[in-house]
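Take a look at the structure below.
The values are calculated or read from the model by the stated rules, or taken from the named source; none is laboratory data. Nothing here was measured: the structure is a model prediction, and the numbers come from that model. A quick note on method: Cβ atoms are made from the backbone with ideal geometry, for glycine too, and the neighbour counts reach across all protein chains shown. Areas reflect the complete protein model, heavy atoms only, side chains present, ligands, DNA and RNA absent. Shrake-Rupley method; radii C 1.70, N 1.55, O 1.52, S 1.80 Å.
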Amino acid sequence: MTEARTDTPVRGSTPPESGDRSTLTLAQVLEHPALGPHDRMPTRYRGPRRVGGDGWTGFATRLERGEELSLIRGLTAANRRVLDVGGGIGELARTVAARIGHCTTIEPHAQLVESMQGGTTSDAVSVFAGTAEDLPFPDNSFDAVYGAWVLPFVDDLDKAVTEMVRVCDPNHPESKIVLINGGAGSEVLKLFNEVCAPVSGDPYDHHGYLLATAARLLAEHGFDAFSLHRTEASVRFDEESRAERAATAAAVLTGFWYETHPKAEDVRSALEAALDHHFSARPHAIGDQAAILVARPGS
Ligand SMILES: C[S@@+](CC[C@H](N)C(=O)[O-])C[C@H]1O[C@@H](n2cnc3c(N)ncnc32)[C@H](O)[C@@H]1O
């Protein structure tokens, strides 16, 4: 289990993000442009997308998301017991641990758990195998819980969010649940929805819907003081020729989203054509813009 931690928030050097209490109501969150496109809002969860261990690693190692990391570091700077749900290769957990001394992460994918346990993380990160829907921690074990880019992959969205609430101590002065998803206008999501989904037959992947559903559940459980943030990030491709960048990026995105899918080759080929066009306007990067929902217990 996690190391024993005190409940005392870290004091003295709280960066502005952590102290930013400008609050939105649930209604304001639900109509926020960051949760768009509102005209495509689905009525129910599309079900999980699958992520492969090699596929995520290939994408994550090209991802430049300094702004997102800074925001998470700032938001958790005054916390002591932080849980990272769906840790991937542990980049965010390491960032939090570097700031406050420790972070716990939980991840279901055996290959990713192994890679986090096998040297890429230090003792400052405790790694657990498990899912968001069934967190192996007692009630109120943490004072901050965050899930970055994890909601599109869970089997049961409601259960994942209510489990995050269960393990987050609402009485801690810095209590918060933070959810990071794709923001409206994300170039990566646009590629998935406009290029891949029509080929693979996948339903539209609406990240605003995931945040809206989570916000409703969080509010029901008393986490109804919200703030929303947007960050810029990009997946970088530095290969010399545009054709090479398009081919590489198509392989990386296909590996991430369709590693074992029967239509993987059709998707890869559609992506390569779309990316050749994309790189004519933005030569070395695909935008991975995020919307970040922070929910604190209301007064
Ligand atoms: C897109 S990656 C994001 C990884 C990490 N949070 C980050 O931002 O670097 C999604 C992660 O969620 C994990 N995941 C998938 N299903 C999950 C579930 N039911 N509960 C928790 N994590 C899950 C995947 O294995 C993968 O590591």
- request: Name, by its number, the condition in (1) free of Cβ contacts under 8 Å to residues at least 24 places away in the same chain; (2) away from the ligand (no atom under 16 Å from the Cβ); (3) in contact with a strand residue (DSSP E or B) (Cβ under 7 Å, 6 or more places away or on another chain) that does not hold for Ala197.
  value: (3)
query: Can you tell me which of Glu239, Glu244 is over 21 Å from Leu35 (Cα atoms) and assigned to a loop (DSSP other than H, G, I, E, B)?
result: Glu239
- request: Sort out which residues of the stretch 19-48 are closer than 23 Å to Asp155 by Cα, among the basic types (Lys, Arg), touching a residue at least 24 places away in the same chain (Cβ under 8 Å) and not in a helix (DSSP H, G or I), and write them in order of number.
  value: Arg46
statement: Sole miss for Gly119 among (1) within 14 Å of the ligand (Cβ to nearest atom); (2) open to solvent by 40 Å² or more (accessible area, probe 1.4 Å); (3) at pLDDT below 95 is condition (1)
Of residues in the stretch 129-138 being touching a helix residue (DSSP H, G or I) at 6+ places or on another chain (Cβ under 6 Å) and closer than 21 Å to Arg46 by Cβ, the one surrounded by the fewest Cβ atoms within 10 Å (Cβ to Cβ): Glu133
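Does Ile106 satisfy being within 7 Å of the ligand (Cβ to nearest atom) and within 24 Å of Pro170 (Cα to Cα)?
Values: within 7 Å of the ligand (Cβ to nearest atom): yes; within 24 Å of Pro170 (Cα to Cα): yes.
In short, yes.
Mind telling me which of the residues Ser186, Ser200 ends up being among the small types (Gly, Ala, Ser) and more than 12 Å from Ala34 (Cβ to Cβ)? Reasoning before the result, please.
Numbers: Ser186 fails: more than 12 Å from Ala34 (Cβ to Cβ).
Result: Ser200 is the single residue among Ser186, Ser200 that is among the small types (Gly, Ala, Ser) and more than 12 Å from Ala34 (Cβ to Cβ).
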message: Looking only at the stretch 169-212, filter to residues that are over 15 Å from the mean Cα position of the chain (by Cα) and of a type in the set (Asp, Glu); which one of those is surrounded by the fewest Cβ atoms within 10 Å (Cβ to Cβ)?
response: Glu194
task: Out of Ala251, Ala270, report the one residue that is over 19 Å from Glu68 (Cβ atoms), of a type outside the set (Val, Ile, Thr) and under 24 Å from the mean Cα position of the chain (by Cα).
output: Ala251
message: Yes or no: the stretch 87-109 includes at least one residue that is open to solvent by less than 10 Å² (accessible area, probe 1.4 Å) and polar (S, T, N, Q).
response: yes
query: So which residues in the stretch 139-155 are within 17 Å of His221 (Cα to Cα) and open to solvent by 10 Å² or more (accessible area, probe 1.4 Å), if there are any at all?
result: Asp139, Asn140, Ser141
- prompt: In this structure, is Leu112 crowded, with 19+ Cβ neighbours inside 10 Å, modelled with pLDDT under 95 and under 27 Å from Arg46 (Cα atoms)?
  reply: yes
- request: Mind listing whichever residues of the stretch 60-86 are within 22 Å of Ala129 (Cβ to Cβ), within 14 Å of the ligand (Cβ to nearest atom) and buried (at least 19 other Cβ atoms within 10 Å of the Cβ)?
  value: Val82, Leu83, Asp84, Val85, Gly86
- request: Inspect all residues belonging to the stretch 45-57 and state whether any of them is within 12 Å of the ligand (Cβ to nearest atom), small (Gly, Ala, Ser) and closer than 15 Å to Val178 by Cβ.
  value: no
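Picking from Arg282, Arg216, Arg230, Arg242, which residue would you name as being closer than 28 Å to Asp158 by Cα and out of contact with any Leu (no Cβ under 8 Å at 6 or more places or on another chain)? It would help to see each step written out before you state the result.
Numbers: Arg282 fails: closer than 28 Å to Asp158 by Cα; Arg216 fails: out of contact with any Leu (no Cβ under 8 Å at 6 or more places or on another chain); Arg242 fails: closer than 28 Å to Asp158 by Cα.
That would be Arg230, the only listed residue that is closer than 28 Å to Asp158 by Cα and out of contact with any Leu (no Cβ under 8 Å at 6 or more places or on another chain).
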Which listed residue is open to solvent by 20 Å² or more (accessible area, probe 1.4 Å) and of a type in the set (A, V, I, L, M), from Ala285, Ala251: Ala251
query: Looking at the stretch 229-248, which of the residues that are farther than 26 Å from Asn181 by Cβ and of a type in the set (A, V, I, L, M) is surrounded by the most Cβ atoms within 10 Å (Cβ to Cβ)?
result: Ala246
